[in-house]
Amino acid sequence: MKPKNNESISLNRPHHSFSFGGKWSFILTFGLIAFLLYLFLCIAPLLTSLWYGFFRVSTGNLKGAQFVGYQNYITILKDKTFWMSFRNDVVIIAGKLVIILSFSVFFAVSMTKFGLKKWETGIYRFFLYLPGILSVVVITYYYQSFFDGNYGIFALLSGKPNQLISTHPIAIVTFIASWCGIGYFMIILISAINGIPASVYEAARLDGANQATQLFRITLPEIKDQIIYVVVSIISSSFAGNMNLTLPFFANRNENNMVMGAYVYHYANDYNELGYSNAAAVLLMIISFTVCYGLNRNLTKGDQAK
Amino acid sequence: MRNKKAIFGTVIALAVLVPFIAMNATIISSGVHADPILSSGEEDLSLSVQIHTNGAPKIEKAWTTILNRFMDETDINVKTYTGVNVNTQLKAQWDNDNPPDFVFIDGNGLSDAAMVKDGKLLPLDEWFLTATDFDDENTKLSALIDSSLIPLFADGKMYQIPILRNTEGAYYDKAFMDKEGFQIPTCFEEMMSTASAFKAKGVAPLTYPGQYASYLLWSYLMPAYAAYQDQEFWDGITSAKNPEIYRDSRFKDVLERFERFVKDGNLLNDTVNYSHSQSQSAWFNHKAAAISNGLWLEGEMSSSLAEHPEFQMYFTNSPLRLSSQPETSVIGSNTVAIARYGKHQKNALKFATFLLREDNQKTLVEGYNYLSALRDFDYNDCELTATAKQIFDTIAATPNPVYHRYNWGTVGDIFNTVINGIAEGTLSVDEGIERIINEAKKQ
């Protein structure tokens with residue numbers, strides 16, 4: 001509808017009981033398909049997993065399967081291995097947060113504030129980002145050799161064989177996962193730092209602020225939202241994602257190197273206990289949702305208060 | 001406005017619940033149909049087969065040869081699913097009762113026990129009573145195959161047809177052992193006495209892949225149990241029907257021997273964390289004198305062996321037995337099965353019978369380096385490697401073999417965990433036995 005006399009077109013159309021124009025046509029055209037896909041691909045499998053958790057079943061077919069109610073959930077919650085897996089996940093996440101945050105902030109600040117030449121920045125970015133795009137197969141194969149108790153770097157340097165993979169499995173996974181994540185989050189923080197107006201730093205310099213003061217009083221507060229994003233991303237991706245490293249890396253799966261995702265996989269793939277593993281998957285979802293929701297709520301509490 | 005919200009909410013709820021209900025209704029009801037009838041009718045010229053191959057060229061070639069032979073002789077068109085991941089790829093079809101007609105029970109991603117429990121495999125007892133040789137209707141299959149090779153399940157029925165025999169044990173490089181003056185141990189006492197000689201030259205007495213601790217279990221420990229030559233004891237521990245059998249002092253004794261061997265530092269460092277290929281590589285490079293493995297080892301290492309003809313692969317039965325006990329082999333079978341809901345069961349059974357014909361047995365024996373399932377098979381006509389001949393002669397010379405017939409469900413998985421725990425020093429023998437008993441109670 002063409003505006004008359006420079007009137008602007010308003011989207012506040014007269015209210016109709018079911019309009020095919022305006023926002024409803026937009027929603028139906030662009031939102032509905034995506035929403036339906038989300039329901040079919042995310043919500044329906046989740047509910048199916050919840051349902052399977054009530055059965056003792058070894059195949060994908062529930063015919064003849066024994067309905068056990070909440071027994072799978074109760075057994076899991078009593079299983080020491082499940083809680084060890086949870087603990088391992090928490091340790092890996094805590095380690096990743098410390099390592100990734102500190103190194104990605106350091107590298108992001110270095111790339112933007114240390115006066116590096118463009119080509120230098122390009123090279124550093126490439127090498128730091130490279131682990132994030134390598135296949136997990138390549139990464140695990142490389143690090144299995146790296147940490148090999150007989151031929152690995154530590155065995156060669158010390159001249160003595162070791163059993164690091166057995167004695168420090170979670171430390172190794174934390175190191176590898178952090179190494180893979182630094183580059184990706186560094187890029188995000190670089191973008192955020194580049195978005196801070198240069199005039200802010202100029203004003204700070206005129207007021208006598210040194211580099212450290214600028215870092216802690218300007219840079220970090222300005223990129224606080226991105227840091228929160230990094231924290232929430234690490235935590236939310238880790239609960240299900242840690243198993244991507246542990247499964248191929250540890251030939252011998254046991255409670256010392258198991259994470260919750262691997263626990264789900266272990267019972268589905270190694271024991272054919274699909275009902276049990278689906279119940280574990282549901283519990284994993286509840287735990288990760290609770291943690292992420294609580295964290296997001298606490299970290300954005302200040303913004304909400306504003 | 002309220003009506004609009006109600007309509008919107010109802011649409012969303014239906015959108016969520018309808019597919020969920022439909023999916024599960026399909027899953028629950030899909031198995032409800034009658035068994036296909038094994039009757040003649042219109043000529044059926046179709047068959048689909050699922051054959052796990054581990055990528056070894058000889059094995060791939062063997063199956064291709066047999067399938068082509070079958071298609072030429074019968075005019076049946078065979079749709080073949082093969083490969084390393086074929087079991088995982090076809091799992092959904094089995095779950096939805098739309099399986100291939102014929103399956104070779106081998107490889108990861110396939111549990112024959114679970115398939116029997118879920119009614120996926122066709123019972124074969126009645127068929128086997130009257131089944132005859134492919135070319136000779138007067139010769140019954142039951143006369144050709146040793147019935148001890150037929151796996152037993154909880155309901156006592158027959159679900160699988162053996163087509164090959166195999167065993168597991170200890171492998172050495174004979175040339176290396178002779179060159180270094182090492183003695184190959186044949187019993188536990190010799191295992192302990194020869195270990196120091198190996199270690200003095202920086203060679204670990206034994207390696208195994210911690211990823212597949214079942215290799216060590218069936219190469220070393222289970223033959224040591226079989227060496228007691230007590231069928232009731234053997235059936236008890238391999239069937240897990242009575243969990244208390246694992247409190248038998250003999251069961252503990254073998255584990256304690258293994259624990260002593262481990263505590264003396266006789267396992268290759270970090271072997272518990274080794275994969276298949278890592279353990280093979282360490283053994284091939286003489287970081288360990290022995291590796292526990294099955295008859296597939298030569299095929300898997302064929303390219304390495306071809307590059308190093310000086311390497312002389314040598315097999316022995318488990319040395320974990322006591323010197324007072326007889327040398328014992330545990331014989332297992334490689335089997336095939338017929339899908340209960342397959343559409344071409346007659347052709348599948350025909351193919352299974354075809355596999356037991358002498359020429360096809362020869363092809364399989366040469367491809368796998370396994371033993372034939374036929375009682376009176378003549379190996380002289382087979383093109384076998386020197387290693388395969390040595391292995392076959394060793395097994396033939398071992399008196400009173402014991403047969404692995406039962407399926408103990410997930411007890412085997414826990415046993416593997418126990419072996420690795422003892423090997424790492426994180427689990428005692430008594431703790432391991434309790435874990436095994438607890439798992440046996442769940443079966």
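Scan the stretch B:387-417 for residues that are of a type in the set (A, V, I, L, M), assigned to a helix (DSSP H, G or I) and in contact (Cβ under 8 Å) with a residue 40 or more places away in the chain and the total you get is 4. In the stretch A:36-54, is there at least one residue being free of Cβ contacts under 8 Å to residues at least 60 places away in the same chain, over 26 Å from B:Leu110 (Cα atoms), over 24 Å from the mean Cα position of the chain (by Cα) and outside the structural domain of A:Ala281 (by TED's automatic domain parsing)? Scanning the stretch A:36-54, I find at least one residue that is free of Cβ contacts under 8 Å to residues at least 60 places away in the same chain, over 26 Å from B:Leu110 (Cα atoms), over 24 Å from the mean Cα position of the chain (by Cα) and outside the structural domain of A:Ala281 (by TED's automatic domain parsing), so the answer is yes. The one condition from (1) buried (at least 20 other Cβ atoms within 10 Å of the Cβ); (2) more than 14 Å from chain A (Cβ to nearest Cβ); (3) in a helix (DSSP H, G or I) that B:Trp283 does not meet is (2).
Among residues of the stretch B:113-133 that are within 14 Å of chain A (Cβ to nearest Cβ), those with a Cβ under 7 angstrom from a residue that is β-branched (Val, Ile, Thr) and not in a loop (DSSP other than H, G, I, E, B), sequence gap 6+ or separate chain, pair up as B:Leu121/B:Ile338.
Taken over the stretch A:65-89, the criterion of being crowded, with 18+ Cβ neighbours inside 10 Å and of a type in the set (Val, Ile, Thr) is satisfied by A:Val68, A:Ile76.
Only one of the numbered conditions (1) in contact with a strand residue (DSSP E or B) (Cβ under 8 Å, 6 or more places away or on another chain); (2) within 11 Å of chain B (Cβ to nearest Cβ) is not met by A:Val68, and that is (2).
If you go through the stretch A:153-171 and pick out every residue that is without any contact (Cβ under 8 Å) to a residue 40 or more places away in the chain and either within 9 Å of another protein chain (Cβ to nearest Cβ) or not charged (D, E, K, R) (or both), you end up with 13. Could you grab me the full set of residues in the stretch A:138-150 that are free of Cβ contacts under 8 Å to residues at least 24 places away in the same chain and surrounded by 17 or more Cβ atoms within 10 Å (Cβ to Cβ)? Answer for the stretch A:138-150, where residues must be free of Cβ contacts under 8 Å to residues at least 24 places away in the same chain and surrounded by 17 or more Cβ atoms within 10 Å (Cβ to Cβ): A:Asp148, A:Gly149, A:Asn150.
In the stretch B:170-177, the count of residues that are at pLDDT below 95 and buried (at least 20 other Cβ atoms within 10 Å of the Cβ) is zero. When A:Ser199 is tested against (1) among the hydroxyl-bearing types (Ser, Thr, Tyr); (2) surrounded by 13 or more Cβ atoms within 10 Å (Cβ to Cβ); (3) more than 18 Å from the chain's Cα centre (by Cα), only condition (2) is not met.
Of the helices (runs of 4 or more DSSP H) entirely within the stretch B:137-200, those holding at least 3 residues that are not assigned by TED's automatic domain parsing to the domain that holds B:Leu297 occupy B:141-144. With the checklist (1) within 14 Å of another protein chain (Cβ to nearest Cβ); (2) outside any helix (DSSP H, G or I); (3) more than 18 Å from B:Ile414 (Cα to Cα) in hand, flag the one item A:Asn254 doesn't pass. So A:Asn254 meets the others, but not (3). For beta carbons closer than 6 Å, sequence separation of 6+ or different chains, a first residue in the stretch B:79-108 that is within 12 Å of chain A (Cβ to nearest Cβ) and surrounded by 23 or more Cβ atoms within 10 Å (Cβ to Cβ) and a second that is assigned to a helix (DSSP H, G or I) and modelled with pLDDT of 90 or more, the qualifying pairs are B:Pro99/B:Gln93. Residues in the stretch B:256-280 that are at the interface with chain A (Cβ under 9 Å from one of its Cβ atoms) and either part of a loop (DSSP other than H, G, I, E, B) or on the phi > 0 side of the Ramachandran plot (or both): B:Leu268, B:Asn269, B:Asp270, B:Tyr274, B:Ser275. Considering the stretch B:414-430, and only residues there that are crowded, with 19+ Cβ neighbours inside 10 Å and small (Gly, Ala, Ser), the residue that is nearest to the other protein chains (Cβ to nearest Cβ) turns out to be B:Gly421.
Here A:Gly261 meets each of (1) part of a helix (DSSP H, G or I); (2) modelled with pLDDT under 90 with one exception, condition (2).
For first residues located in the stretch B:137-155 and more than 18 Å from B:Phe354 (Cβ to Cβ), partners that are among the charged types (D, E, K, R) and lie 6+ apart or on another chain with Cβ distances below 6 Å form the pairs B:Asp146/B:Arg375; B:Pro151/B:Arg405; B:Leu152/B:Arg405. Taking the criterion of being closer than 30 Å to A:Val109 by Cβ and either facing chain B (nearest Cβ under 9 Å) or over 22 Å from the mean Cα position of the chain (by Cα) (or both), the residues of the stretch A:128-152 that qualify are A:Tyr142, A:Phe146. One residue stands out in the stretch B:182-228 among those that are more than 14 Å from every other protein chain (Cβ to nearest Cβ) and of a type in the set (Val, Ile, Thr): the one that is farthest from the chain's Cα centre (by Cα), namely B:Thr194. For A:Ser58, the conditions (1) more than 14 Å from chain B (Cβ to nearest Cβ); (2) under 30 Å from B:Asn98 (Cα atoms) are fulfilled apart from (1). Does B:Ser323 qualify as being in a loop (DSSP other than H, G, I, E, B), more than 14 Å from chain A (Cβ to nearest Cβ) and touching a strand residue (DSSP E or B) at 6+ places or on another chain (Cβ under 9 Å)? Here the answer is no, as B:Ser323 does not meet what is asked.
The values are calculated or read from the model by the stated rules, or taken from the named source; none is laboratory data. Being a predicted model, the structure only gives us computed values, none of them experimental. Note that each Cβ is placed from the backbone with ideal geometry, even for glycine, and that neighbours are counted across all protein chains shown.
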